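Read-outs throughout are calculated quantities, based only on the coordinates presented, and are distinct from any laboratory measurement. All figures in this text were calculated on a predicted structure; none of them were measured in a lab. Virtual Cβ from ideal backbone geometry, glycine too; neighbours counted across all protein chains shown.
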Amino acid sequence: MRNNLFRLVLLALALFAIAFVAAPFYSYRALRAATVAEDVQAMSQLVDFPAVRKSLAGQLDPDTTRTAEPPTIWQDPIGAIKRAWKDVAPQPPKIDRYVTVAGLGDILRGYAPGTAPPEAKPDGSFMSGARGLVSGPWPGVTYFGLERVRLAVKRPNAPEKITTLTFERRSLFVWKLVHVQLPDGDR
């Protein structure tokens, strides 16, 4: 009896560990499925859009990331007024194409937005769902921690271009996309 209880506890711990390690990959596949199905509500549960926008803004518009403190209004009054108006302006529209349903779908497959070949939508059959589950590209793990996971997706036609996706744990098995690192040529 005692031996069976020990085996049961050991099995439960092994299942918990497997589920914990597989959760970020499940979130990645769920996000890909949500982009194919154009399910905006599911995407909002899987993506932290303000964080992704901020990460893309730093890559697409390098002027938004400042390394030194800008001069004060007493040192450079005209420059301070220009910076004040620039900060009030909305995000540049080039970021918007990255955070749409189609744009995120292309990024998750390793392509730049608008450059990916069309992906076949499942027709509802079992074989179509299984084909979508095993179809690539499969991400590689570049970092795995308790709070963050970085997955690297290689572009199918150019394997030297790697898009890195950072997922952050929000609860025990819930992971959200918080950062997208674009390949050097796509910035």
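Assorted remarks:
- Relative contact order %, the chain, counting alpha carbon pairs below 8 Å whose residues are six or more apart: 23 percent
- Interchain or long-range residues, amide H under 5 Å from W175's placed H: R170
- Close amide-amide hydrogen proximity is noted between T142 and R150, L151, A152, each under 5 Å apart and 5 or more residues distant or on a separate chain (H modeled in the peptide plane; Pro and chain starts excluded).
- Ranked M43, M1, criterion: other C-beta atoms within 10 Å, fewest first: M1, M43
- Equivalent ellipsoid semi-axes, the chain, via Cα gyration tensor eigenvalues times 5, rooted, Å: 38, 23, 14
- Nearest 10 degrees, 0 to 90: helix 77-88 Cα axis against the chain principal axis: 30 degrees
- Charge tally in the Cβ shell below 13 Å around R53, where Lys, Arg are +1 and Asp, Glu are -1, R53 excluded: 0
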